[in-house]
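Encoded as structure tokens, the structure appears first; notes follow it.
The values are calculated or read from the model by the stated rules, or taken from the named source; none is laboratory data. Since the model is a prediction, treat every value here as computed from it, not as a measurement. Cβ atoms come from the backbone with ideal geometry, glycine included; neighbour counts cover every protein chain shown. Remember, those area values only see protein heavy atoms, side chains included, never the ligands or the DNA or RNA. Shrake-Rupley method; radii C 1.70, N 1.55, O 1.52, S 1.80 Å.
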Amino acid sequence: MSDRPHAPAPGLSVPAGALEADEHRRVEELAAHAAKEGVRTGPFASLGGIGGRGGGSGGGRGAGALRHLALVIALGVLCGIGAITKGGSFATTSNLVLILSLAAVIGVVTVGMTFVIIGGGIDLSVGALIALASVWSTTTGSQAQGPAVMIFTSVLVGTLCGLLNGLLIAYGRLVAFIVTLATMVATRGLAEQLSDRKSQIVTADTFLSIAETRWLGVPLLVYIFAAVVVVGWLVLNRTTFGRRTYAVGGNPEAARLAGINVRLHTCLLYVVSGFCCGIAAVMLTAQANTGAATHGMLYELNAIAAVVVGGTLLTGGFGSVLGSILGVLVFTTITDLFILNNLTTPIQEIAQGAIIIAVLLIQRWGRGRPVTT
């Protein structure tokens with residue numbers, strides 16, 4: 001039996017709303033089928049694995065809820081360790097606000113990375129995009145135009161770089177890993193060229209107030225972070241764009257047969273990532289009071305780590321914004337604990353790497369278990 005939709009009989013008209021509803025139904029059915037079959041064609045397809053929004057081994061809403069619960073428990077354990085080892089300095093409101101502030105910039109980047117990875121892609125250029133956006137928005141010409149132009153420039157640069165990635169990957173049919181690796185190197189080099197390898201001091205007080213303003217004792221950066229998370233969650237879980245993201249990541253061919261423009265959608269996912277990088281660049285530049293080519297170092301690895309720990313599969317088709325943000329908070333809390341206990345940076349990096357490997361092993365073990373219905 002053909003999977004193609006039946007065309008209406010000659011002379012009969014079909015309401016546009018009915019066609020759209022039929023498309024949505026077919027997208028959902030094919031995405032669920034792709035999840036059960038475990039078909040993967042993303043950049044990490046060789047890793048294997050099943051899972052999609054609709055179900056499958058290691059997938060489904062139940063498994064997602066369990067992952068979220070596990071991360072919440074992990075956060076509770078970390079807070080318990082902090083209360084025991086450094087109770088006087090850890091269990092305070094100011095330290096909680098500090099943790100949220102540390103998580104704000106990388107958290108915004110992680111939201112964009114979540115969309116890309118669920119859609120079956122990868123983006124290694126996010127840190128370099130932040131650096132380029134920060135440098136471009138803090139040039140003498142940009143600052144002379146005022147804070148609004150600086151913010152617009154930062155977001156525009158990030159979005160356009162994301163668009164370039166998307167065009168090369170979706171329409172140029174190039175491998176996402178290689179494309180974003182190349183743009184990472186190129187944009188970092190361009191940032192160094194524009195800044196002459198010097199930090200560009202921000203002189204606009206209004207722009208700096210983005211990092212200094214507090215409402216009810218909470219920095220404005222945290223509110224921006226929260227707004228991006230809420231919007232990201234709504235788009236991914238309550239819109240057609242979100243459903244198509246899961247479908248494209250789960251099985252691009254099935255998504256194509258369902259009527260989705262896979263190339264256009266893939267391109268838009270990288271635009272979303274670049275847009276988030278532009279916002280993050282504004283936040284980081286305001287925090288650091290400078291635009292520099294060194295901004296965003298290793299942000300790509302931190303964002304990918306948070307997404308993976310949050311339960312999103314590198315093979316695509318399954319994941320959530322909530323899980324990714326919980327992953328960010330886990331790593332940020334660990335960093336805070338290490339700083340309070342005067343542990344060195346190498347030890348932090350070793351612990352972070354060990355956590356990532358452990359989560360990947362758990363995901364691999366979970367995908368190997370039989371499917372139960």
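The residues on offer are Leu284, Leu314, and the sole one that is modelled with pLDDT of 95 or more and under 17 Å from Val109 (Cα atoms) is Leu284. In segment 84-110, the residues that are farther than 22 Å from Ser324 by Cα and open to solvent by 50 Å² or more (accessible area, probe 1.4 Å) reach residues that are of a type in the set (S, T, N, Q) and not in a helix (DSSP H, G or I) with C-beta atoms within less than 7 angstrom, at least six apart or across chains, in these pairs: Thr85/Asn341; Lys86/Asn341. Only one of the listed residues (Phe318, Phe331) is part of a loop (DSSP other than H, G, I, E, B), open to solvent by 10 Å² or more (accessible area, probe 1.4 Å) and of a type in the set (A, V, I, L, M, F, W, C). That residue is Phe318. Pairs meeting the criteria (first residue in segment 195-220 and small (Gly, Ala, Ser), second residue part of a strand (DSSP E or B) and buried (at least 18 other Cβ atoms within 10 Å of the Cβ), beta carbons under 8 Å, at least 6 apart or on different chains) are Ser195/Gly291; Ser199/Thr290; Ser199/Gly291; Ala211/Pro219.
Residues of segment 276-298 that are buried (at least 24 other Cβ atoms within 10 Å of the Cβ) and either in a helix (DSSP H, G or I) or not small (Gly, Ala, Ser) (or both): Cys276, Cys277, Gly278, Ile279, Ala280, Ala281, Val282, Met283, Leu284, Thr285, Ala286, His295. Taken as a whole, the condition of being crowded, with 16+ Cβ neighbours inside 10 Å and touching a helix residue (DSSP H, G or I) at 6+ places or on another chain (Cβ under 7 Å) applies to Ser154. Quick one: would you say Leu174 is hydrophobic (A, V, I, L, M, F, W, C), surrounded by fewer than 20 Cβ atoms within 10 Å (Cβ to Cβ) and not in a helix (DSSP H, G or I)? Against the criterion (hydrophobic (A, V, I, L, M, F, W, C), surrounded by fewer than 20 Cβ atoms within 10 Å (Cβ to Cβ) and not in a helix (DSSP H, G or I)), Leu174 qualifies.
Checked against (1) modelled with pLDDT of 95 or more; (2) in contact with a Phe, Trp or Tyr (Cβ under 9 Å, 6 or more places away or on another chain); (3) not charged (D, E, K, R), Ile279 passes all but condition (2). Reported count of residues in segment 160-171, each being surrounded by 22 or more Cβ atoms within 10 Å (Cβ to Cβ) and closer than 14 Å to Gly112 by Cβ, is 4.
Taking each residue of segment 120-142 that is free of Cβ contacts under 8 Å to residues at least 60 places away in the same chain and looking for partners that are part of a helix (DSSP H, G or I) and among the hydrophobic types (A, V, I, L, M, F, W, C) with beta-carbon atoms closer than 8 Å, six or more apart or interchain, yields Ser142/Trp136; Ser142/Val149; Ser142/Met150.
Rundown of residues vs (1) within 15 Å of the chain's Cα centre (by Cα); (2) of a type in the set (Gly, Ala, Ser), yes/no style:
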site: Gly319; (1), (2): yes, yes
site: Ile325; (1), (2): yes, no
site: Val330; (1), (2): no, no
site: Thr335; (1), (2): no, no
site: Gln348; (1), (2): no, no
site: Gln352; (1), (2): no, no
site: Ile356; (1), (2): no, no
